[in-house]
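Asker: First the structure, which I've put down as C-alpha cells, then a few questions once you've had a look.
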Amino acid sequence: INQLFSASIDSILIADANGVITQVNPAAEKMLGYAKEELIGEQAKFLYASEEEFEMVSSIIGTTGEFKGEIVNRTKSGKEITTYLSANFLFDEKGDVMGMMGISRDITANVLIQTQYEQLVNTVPDVIYSTDMDGNFTYVNDTITRVFGYDPKELIGTLFSDIIHKPHLAEVEKHYKN
C-alpha cells in the first residue's frame, strides 16, 4: 500500500479526525509546492483558497461521509489551482472515524479550456446544440435566445421535436429513428 501511496500521480493527503494533516504523498508535494514537512501537522483547511469552500466541503463530508467535486486550492506560491477532489472518512477497526483522506488532481488547464470553448461556442452567430439518442437536448448555446427566444436551460431535457415546425417533423423523427 505504501508503494501505491508514493507512486500515485494524484495528490493524496491524509488527515486525522481534527483535520490535521498526517501524511502526504510526493504528488501532493509537487502539486501544492510544499515539502512534506511543511504540510504534516498543519490543518488541511489552509490549502483551500476560500474558507467558505472548506466549510461547504466539510459539511458535505460530515453529512454523507464523502465529497466529490471541483475545489480551488492555494499553492505555496499563492497561485490558485482548480482541483478535482475525492474525499472520504477513514474508519478504525471499531467503525469510528479516525480521519479523512483526500485524493485530488489539478484540473486547472481543463477548466480553462472548457471556459474558452464555452466562450467560443456562445459567441458564434449560429445555434449549436447536441441531443441524446432519443432527441432530447443535452446542450444548447446562448445564441438560441437571440435566434428563437428560448432560454438554453429551459430546453435541456426537452425533445428536439417539440420545437420543430410540423411540416418538418416527419423528417426529423426519421433522423432519430435511424
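Asker: Quick one: is Ala49 within 19 Å of Pro26 (Cα to Cα) and either within 13 Å of the chain's Cα centre (by Cα) or without any contact (Cβ under 8 Å) to a residue 60 or more places away in the chain (or both)?
Answerer: no
Asker: Also, I was wondering about something else. Go through the stretch 103-135 and give me each residue that's touching a strand residue (DSSP E or B) at 6+ places or on another chain (Cβ under 6 Å) and either of a type in the set (Asp, Glu) or over 30 Å from Asn88 (Cβ atoms) (or both).
Answerer: Asp106, Tyr129, Ser130, Thr131, Asp132, Gly135
Asker: Just name the residue that is nearest to Ile61 (Cα to Cα) out of those in the stretch 88-146 that are of a type in the set (Phe, Trp, Tyr) and open to solvent by less than 90 Å² (accessible area, probe 1.4 Å).
Answerer: If we filter the stretch 88-146 for residues that are of a type in the set (Phe, Trp, Tyr), which is where we start, we get 89, 91, 117, 129, 137, 139.
Remaining after also requiring open to solvent by less than 90 Å² (accessible area, probe 1.4 Å): 89, 137, 139.
Values: Phe89: 8, Phe137: 33, Tyr139: 31 Å.
Checking each candidate, the answer is Phe89.
Asker: Could we say that Gly41 is surrounded by fewer than 13 Cβ atoms within 10 Å (Cβ to Cβ) and either at pLDDT 95 or above or part of a strand (DSSP E or B) (or both) here? Before you say what the answer is, go through the steps one by one.
Answerer: Numbers: surrounded by fewer than 13 Cβ atoms within 10 Å (Cβ to Cβ): yes; either at pLDDT 95 or above or part of a strand (DSSP E or B) (or both): yes.
Criteria met by Gly41.
Asker: I would also like to ask the following. For the stretch 147-177, enumerate the residues that are under 31 Å from the mean Cα position of the chain (by Cα) and either open to solvent by 100 Å² or more (accessible area, probe 1.4 Å) or polar (S, T, N, Q) (or both).
Answerer: Scanning the stretch 147-177 gives Lys153, Glu154, Thr158.
Asker: Could you check how many residues of the stretch 14-37 are part of a helix (DSSP H, G or I), under 22 Å from Ser58 (Cβ atoms) and open to solvent by 30 Å² or more (accessible area, probe 1.4 Å)? Write out each step before concluding.
Answerer: Of the residues in the stretch 14-37, the ones part of a helix (DSSP H, G or I) are 26-32, 36-37.
Right, trim to under 22 Å from Ser58 (Cβ atoms) and you get 28, 31-32.
Filter once more, keeping what is open to solvent by 30 Å² or more (accessible area, probe 1.4 Å): 31.
Final tally of qualifying residues: 1.
Asker: Can Thr123 be described as modelled with pLDDT of 90 or more, touching an Asp or Glu at 6+ places or on another chain (Cβ under 9 Å) and either more than 30 Å from Ile21 (Cβ to Cβ) or part of a strand (DSSP E or B) (or both)?
Answerer: No; evaluated as a whole, the condition is false for this residue.
Asker: Also, I was wondering about something else. Just to be sure I understand, how many residues within the stretch 135-164 are closer than 20 Å to Glu118 by Cβ and hydrophobic (A, V, I, L, M, F, W, C)?
Answerer: 7
Asker: Which of the residues belonging to the stretch 66-79 are farther than 17 Å from Ile12 by Cα and open to solvent by less than 80 Å² (accessible area, probe 1.4 Å)? If you could, list the steps in order and put the result at the bottom.
Answerer: As a first pass, look at the stretch 66-79 and keep what is farther than 17 Å from Ile12 by Cα: 77-79.
Listed by number, the list holds a single entry, Gly78.
The values are calculated or read from the model by the stated rules, or taken from the named source; none is laboratory data. The structure displayed is predicted, hence computed values, not measured ones. Here the Cβ is made from the backbone with ideal geometry for all residues, glycine too, and neighbour counts use every protein chain on show. Surface accessibility is based on the protein's heavy atoms, side chains included, excluding ligands, DNA and RNA. Shrake-Rupley method; radii C 1.70, N 1.55, O 1.52, S 1.80 Å.
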